[in-house]
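Can you read through this structure? Questions will come right after.
The values are calculated or read from the model by the stated rules, or taken from the named source; none is laboratory data. This is a predicted model, so every value here is computed, not measured. Here the Cβ is made from the backbone with ideal geometry for all residues, glycine too, and neighbour counts use every protein chain on show. Side chains are part of the model used for accessible areas, which takes the heavy atoms of the whole protein and leaves out ligands, DNA and RNA. Shrake-Rupley method; radii C 1.70, N 1.55, O 1.52, S 1.80 Å.
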Amino acid sequence: MPNAEFPHKWGMVVDLDKCTGCQACVVACQAENNIPINTKDYFLQRRAYEWIRIERYWEGEYPNIKARFMPVLCQHCENAPCEPVCPVFATYHNEEGLNVQVYNRCVGTRYCINNCPYQVRMFNFWHPNWPARLENQLNPDVTVRTGGITEKCTFCVQRLRRGEIEVEARGGQRLNDERITGGNYDPACVQACPTNALMFGDLEEPDTAIKPYFDDVNAHPGHGEPDRETRGYRLLEEMNTRPSIIYLKKIDQYPLKGGH
C-alpha cells in the first residue's frame, strides 16, 4: 500500500441486464495483462488462457430461445478456498481485499485450482509466446508468467498501484470513483465494457456507486435473499466464500412463454 493514510477495499458489480456477451472485456484483459493468444488447439485441450470468461446459457426450446451471458472472473473472496491449500503461500489476501498471486513463489502444485469453486485460475502448461509483430505491444507493467505456474485475475492491480502512487502518494488525494475513471485506473475489463455492465470501486469510500449493492447483500446473507432491495447476489453464495464481486439479476421484460 503506497499510502497507509488511505485504506482501500476493492470490489466490483456485474449487471447481467447490461451484458451483451460481446467479450470486449475478455480481449481487453488479454491485452492489458500479457495473456497469450488462444488458439483452437488450446480450447480443444481445455487449456485456454482466460482471466475472465463469458459463460453462455440457453433458455427455452428452439426456435423459441434466448441466450444469457455471465462474465466470470476471480471473485477475490474474503474467505477464499484457494488460499489455505497453497503449501508455499503463493496466494494470500492482502490489506486491500485482493486475492494476490505471487508468481515467483508458485511451484505449480495446482492445489488452488482444484479448490477454487469458480474455476477461474489458470495453469501455464507451456511457456507463453506471441507472434514477433505482437511482442512490442506487451504491457511493461505486467510480468510475463513462465510455464509451470498458476495465474488469475488481479483486478489489474498494476493500474491500482499507479493510481495510488500518482493520486494519493504524490497528490495527497483519495482515489475515489471520479479519479479512478478520470485517470484510467479502472481494471481493463471495466474500462472496455461498451454497456457499462461492469462497475468497480472502493468499498471504504462511502460515496462509491457500488457500495449500496454490497450493503444490501451483506445485510441479507444466504437465505435472506428474498428480503433484498436490490437485484444483487453472489455466485455460489451457499459456500460462504464471501466474494468481492456482486452480480445483479437480469430483468426480462419479455419472458419466454411457459417460463424458464
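To the nearest 20 debye, what is the magnitude of the charge dipole of region 104-260 about its Cα centre, counting +1 on the Cβ of each Lys and Arg and -1 on the Cβ of each Asp and Glu?
About 740 debye.
Could I ask something else about it? Using a 1.4 Å probe on the protein heavy atoms, what percent of the accessible area of region 31-86 belongs to carbon and sulfur?
52 percent
Hey, how much of the P(r) for region 1-114 falls beyond 17 Å, as a percent of Cα pairs? Provide the component values of the computation, followed by the final result.
Numbers: 4509 of 6441 pairs.
Result for the distance tail: 70 percent.
Scale the Cα Rg of region 1-62 by the rule-of-thumb value 2.2 N^0.38 Å and send over the ratio, two decimals.
1.60
Same structure, new question: Mind grabbing the accessible area of Tyr42 for me, 1.4 Å probe, Å², rounded to tens?
50 Å²
Can you work out the base-10 log of I(q)/I(0) for region 98-143 at q = 0.20, 0.27, 0.32 1/Å, using the Debye formula on its C-alpha atoms alone?
Relative scattering, expressed as log10 I(q)/I(0), comes to -0.89, -1.14, -1.28.
Continuing with the same structure: Please calculate how many Å² of accessible area region 75-174 carries per residue, with a 1.4 Å probe and no DNA, RNA or ligand atoms counted.
Numbers: 4940 Å² over 100 residues.
Result: 49 Å² per residue.
How would you classify region 91-191 from its alpha-carbon gyration tensor, with a ≥ b ≥ c the square roots of the eigenvalues: rounded for a/c under 1.5, else prolate if a/b is greater than b/c, otherwise oblate?
Oblate shape, in that a/c is at least 1.5 and b/c is the bigger or equal ratio.
Applying the Karplus parametrisation 6.51 cos²θ - 1.76 cosθ + 1.60 with θ = phi - 60° to the phi angles of region 22-31, what ³J(HN,Hα) value in whole Hz is obtained for each residue in order, glycine and proline being reported as x?
Once rounded to whole Hz, the list reads 6, 6, 4, 5, 5, 5, 4, 4, 5, 6.
Based only on Cα atoms, what mean projected area does the convex hull of the chain have, in nm²?
16.0 nm²
Next question, about the same structure. Largest first and in whole Å, give the semi-axes of region 134-213's equivalent ellipsoid, each being the square root of 5 times a Cα gyration tensor eigenvalue.
On the way: eigenvalues 125, 55, 32 Å².
In descending order, the three semi-axes are 25, 17, 13 Å.
Quick one: which of 223-233, 89-99 comes out on top by average Cβ neighbours within 10 Å, and what's the full order, highest first?
Answer by packing, highest mean first, reads 89-99, 223-233.
Debye sum, Cα scatterers, region 173-260, no solvent: what log₁₀ I/I(0) at q = 0.10, 0.11, 0.22 1/Å?
-0.34, -0.40, -1.15
In this model, which of Lys18/Lys66; Lys18/Lys40; Lys40/Lys152; Lys18/Lys211; Lys211/Lys249; Lys18/Lys257 are farther than 25 Å apart at the alpha-carbon?
Numbers: Lys18/Lys66 15 Å; Lys18/Lys40 29 Å; Lys40/Lys152 21 Å; Lys18/Lys211 19 Å; Lys211/Lys249 17 Å; Lys18/Lys257 22 Å.
In this structure, Lys18/Lys40 exceed 25 Å between Cα atoms.
Another question, then. Running Debye on region 43-93 with equal point scatterers at the Cα sites and no solvent, what base-10 log of I(q)/I(0) appears at q = 0.21, 0.32 Å⁻¹?
-0.92, -1.09
Have a look at Pro226, Pro206, Cys19 and report the one farthest towards the positive end of the charge dipole of the chain, computed about the Cα centre with Cβ charges (Lys/Arg +1, Asp/Glu -1).
Of the candidates, Cys19 comes out farthest on the positive side.
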